[in-house]
Structures are given as C-alpha cells and as structure tokens.
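A quick write-up on the structure given underneath.
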Amino acid sequence: MTRWMMALSLAIALVTTASAQTTQKKFMAGPVTIEDQGSFFVGGVTKVSDYAAVPFAPPGQQAGAPTPQQITIGQMYVQFQIPARKVGPGWPVIMVHGSTHTGAALESTPDGREGWYPYFVRKGISTYVVDQSGRGRSGFDQSVLHEAEAKMVAGDAKAAAELIPNFGRITDNGAWTAWFGHLLPAGSNVTNGKLIRHGDPGDPQQGTAKEPHVAPIFPLDSVAEYYKQLVPNAEVTLPGSTCPGCTPSNLSPANTWTPLNLALLVERLGGAIVATHSQSGIMGHHMVRILKEHGKLDLIKGLITIEGGCSLPQSGLTAADFDTIPYLSLKGDYTATSQQCQDTVDAINARRATKQGTARAEYLKLDEMGMLGVTHMMMLDSRSNDIADLMIGWVNKNVPSAPKRR
C-alpha cells in the first residue's frame, strides 16, 4: 500500500508539472536566433576596509577584532545578446534603467510579454542591458553599514548616523500616484485606499476635447507583479565625486559610477547607441562628458533620453558636443514637457540653423503624436513594442551605419 501511494503521488506530481509546462505563456512574440550571449562586469575599484566582513564567532565564543579585507565596489553588471541576423545601422544599443529599478525592467513585462531587451534583439539589434552601479547584480558597498554599526555599538551615535546613507526608493504608493493615477483618501495606501486610474470617473485631472485625459495603457491587472521590481537605490553606499565643469560641481554617487562605467562599456564595444530612462537620463549626458574627456566622443553613436534629465550645464557639456551625435528626447502622456530637454534640443538645432554640425536632434512627445495613455514606465506598457519600433525607426533614419566588421 505504501509503494502504491508513493507511485500515485509521483504520478500526480508528474501530471501537475507537465500541465504547468504546457500552460506556461510564451513571453516572446516570435523566435530569434542568437549568435552570442552572456554577461560581464565593467569598472570598479578595490577597497580595503576593516568593515568589509563581520568577524565570525564560533558558538560560545566571542568574535575577534575586525581585520582588513579587500572588496570591489562601483562595478557595473552587463548582460547582452547578439542576434545572428543584424538589421539597421549595426551599432549595439545599451539600455539603462531608472531609479528604484534594475535591468529587469527591460527584460520582460509584468503581464508576461517580451521587454525591450529581447524585442530589440529579435529585431536584429545587438543589445546590452546594465544594472546601474550600486544596484541589483552590480552590488553595493556593505562595509559602510558595518562601520556605522560598529560606531553605534561603541557609543558614537553621531558618527554612525553620518555614515548611514539615505536609501531612496519609490514605494508602491509612490509608483501608483506618480505614473498610474490617484490614491484616496490622503494618508491611505494601495491596500486600503481607493485607486483611481487616470481618465476614470473621479479623476481630478479631467481632460478636454483638445487634450484628452485617458486611462494608462500599463497592464494594471499585473501591477502587483510590477511592484516586486522596485528596489532601494543602494548606490548611495558608494562615494561621490567632483566635476569642475559641471553645475553643480559636486556629483552624487549615481552620477559618478554609472556614467563612468557606461563610458568604459562604450569604449569596450568600439561604439554604441545609449538609451537611458528617467534617473539615468542625466547619467547618459555625464557619460558623453567622460567620453569627451577620454578623447573618445566619436564612439557615442546616438543618445536617447526617455523622460529623464537633459541638462547640458549640469553635465558639463555644450550643444557643440552633439554636432555629430544624434540626439533624441522622448516623453509619454502624463509627464509634462521638460523645459530642460526642450532647451537642449533647441540649442543643438540652433547650431544646425547656422550650418554647424550635422546630427539630428529631436524631442518627440508621444501624446502630441496621438499615442495616449503612455506611462513613465513605457517599456512595460501594452504598446511597448510600438514605442520600441518608433525608436528603432528613428535610429535607422538618423544614425550612420557602422563600418563592416570582419
């Protein structure tokens, strides 16, 4: 009887597994043949600290004094896929996520569709996706927290508090109210409040015939899956830097490490198009500055900024730096037109009007183009591939082709 019950349990498990396998939804909308894929790290520096590891204490014994240990900090994780069939100018595309996210935001959507990363590859574009330095698989510097703990235990609360950084993070509430709609009453959260989508009855932002206010095209039925992507901005454990030509000159850790590593990645690839989103928008501009400092400005083949910072003064750049770099700024439906991005595009185009430079600069506003309901997280929206096609088409039209490589 025991053997019979075990056999029955095994049969049920096998049937259940087979059923799960057959009902698994395909994420990809079509097949793709990969020539190469993998992952690696760029950048990073070594750091020796007494607080890199917590001293181990066997049971019943007291831990010894900390000893110096070496760790690597500031590195950036990169994953890539190279399609066998290549289409377009031939330059690889580097995709950079925004605040509180990792490269996962570009891999697939919360409702189980292919993200921009596999879609670009399927369209014949070699694509590289990063986790910002200090975030996700790039890792952060835990020694800062261990040192703060040691000072706290020693009774120096002031020194401990100065060491502990402020970990920024977008909460579930914040994501809903920033990108998808409204939350009532004040003080409630997404579990006990009333969620009002943009365009729903009760939406305080009522649209007009000229400027309709419609429901977001984000897959809100899967919003709980999306919330799982949100992580702390742990790059605050890394040191910042100074940039004499930038305004302001003191740079945050976020604007220090990821821009440097993006520049190193572009150099490693021998040229690339870089697409940034939200927080990483200004990082892309700092990357351009670093490539210029390295004498490698010609390696940036195009810069795309999706609802992110576009300031030339903040990144120590001028419009002349983009004389040969195609420049695209992009916004969705619910975000106001960025005066900063408009000023940058206008400054670049002012040079074109006087026959200076050749590369195209454009600010595409999807709502004014009739594509309504596009959220800040447009790479996850139900029309994400349409937006990807728009960017791919812009690149094909405005980015010069790469030389044939053996």
Exercise. Please give every one of the aspartates and glutamates within straight-line cross-link reach of Lys158, meaning a C-alpha to C-alpha distance under 12 Å, and leave out same-chain neighbours fewer than 8 residues apart.
Key: Glu149
Practice problem: Please report, in cubic angstrom per residue, the volume enclosed by the convex hull of the alpha-carbon atoms of segment 125-189. | Solution: 144 Å³
Self-check item: segment 298-389 - Rg (one decimal) and Dmax (whole number), Cα, Å
Solution: 13.8, 41
Exercise. Report the semi-axes of the equivalent ellipsoid for segment 252-346 in whole Å, largest first, where each axis is √(5λ) for an eigenvalue λ of the Cα gyration tensor.
Key: 21, 14, 12
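Considering only DSSP beta bridges where both residues belong to the chain, give the percentage that are antiparallel (nearest 5).
Rounded to the nearest five, the antiparallel share is 55 percent.
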Practice problem: Filter the cross-link list Lys25/Lys86; Lys365/Lys397; Lys86/Lys397; Lys86/Lys404; Lys301/Lys365 down to pairs whose alpha-carbon distance in this structure exceeds 20 Å. | Solution: Lys25/Lys86; Lys301/Lys365
Quiz prompt | Cα centroid of segment 31-72 to Cα centroid of segment 279-311, whole Å | solution = 30 Å
Exercise. Based on the mean of other Cβ atoms within 10 Å per residue, sort peptides 148-158, 317-327, 210-220 so the most packed one is first.
Key: 317-327, 210-220, 148-158
Quiz item: Percent of accessible area on the chain owned by carbon and sulfur, 1.4 Å probe?
Solution: 55 percent
Quiz item: Rg (Å, one decimal) plus Dmax (Å, integer) for the alpha carbons of the chain?
Solution: 24.1, 90
Exercise. Output the peptides 338-348, 222-232 sorted from most to least packed, where packing is the average of other Cβ atoms within 10 Å over each peptide's residues.
Key: 338-348, 222-232
Quiz item: Residues of the chain: accessible area per residue at 1.4 Å, in Å²?
Solution: 49 Å²
Self-check item: Integer Hz, Karplus 6.51/-1.76/1.60 couplings in order for segment 90-95, x for Gly and Pro
Solution: x, 7, x, 10, 9, 10
Quiz item: Working from the pairwise distances between different alpha carbons, so that the mean of 1/r is found and then inverted, what is segment 350-406's Kirkwood radius in Å?
Solution: 13.9 Å
Quiz item: Extent of segment 179-326 along each principal axis, from alpha carbon coordinates, in Å, largest to smallest?
Solution: 55, 40, 29
Quiz item: Add -39500 (n - 2.57) for each DSSP H run of 4 or more in the chain, then divide by its residues: what number comes out at 222 nm, to the nearest 500 deg cm²/dmol?
Solution: -9000 deg cm²/dmol
Practice problem: For segment 64-143, would you read off the P(r) tail past 20 Å as a percentage of all alpha carbon pairs? | Solution: 45 percent
Exercise. Treating cross-link reach as a plain straight distance, find the aspartates and glutamates whose alpha-carbon is under 18 Å from the alpha-carbon of Lys151, omitting any fewer than eight places away in the same chain.
Key: Asp50, Asp141, Glu162
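The values are calculated or read from the model by the stated rules, or taken from the named source; none is laboratory data. In this text the structure is predicted, and so the values were computed from the model without any measurement. Glycine also receives a Cβ, built like all others from the backbone with ideal geometry; neighbour counts cover every protein chain displayed. Note: areas computed on protein heavy atoms with side chains; ligands, DNA, RNA excluded. Shrake-Rupley method; radii C 1.70, N 1.55, O 1.52, S 1.80 Å.
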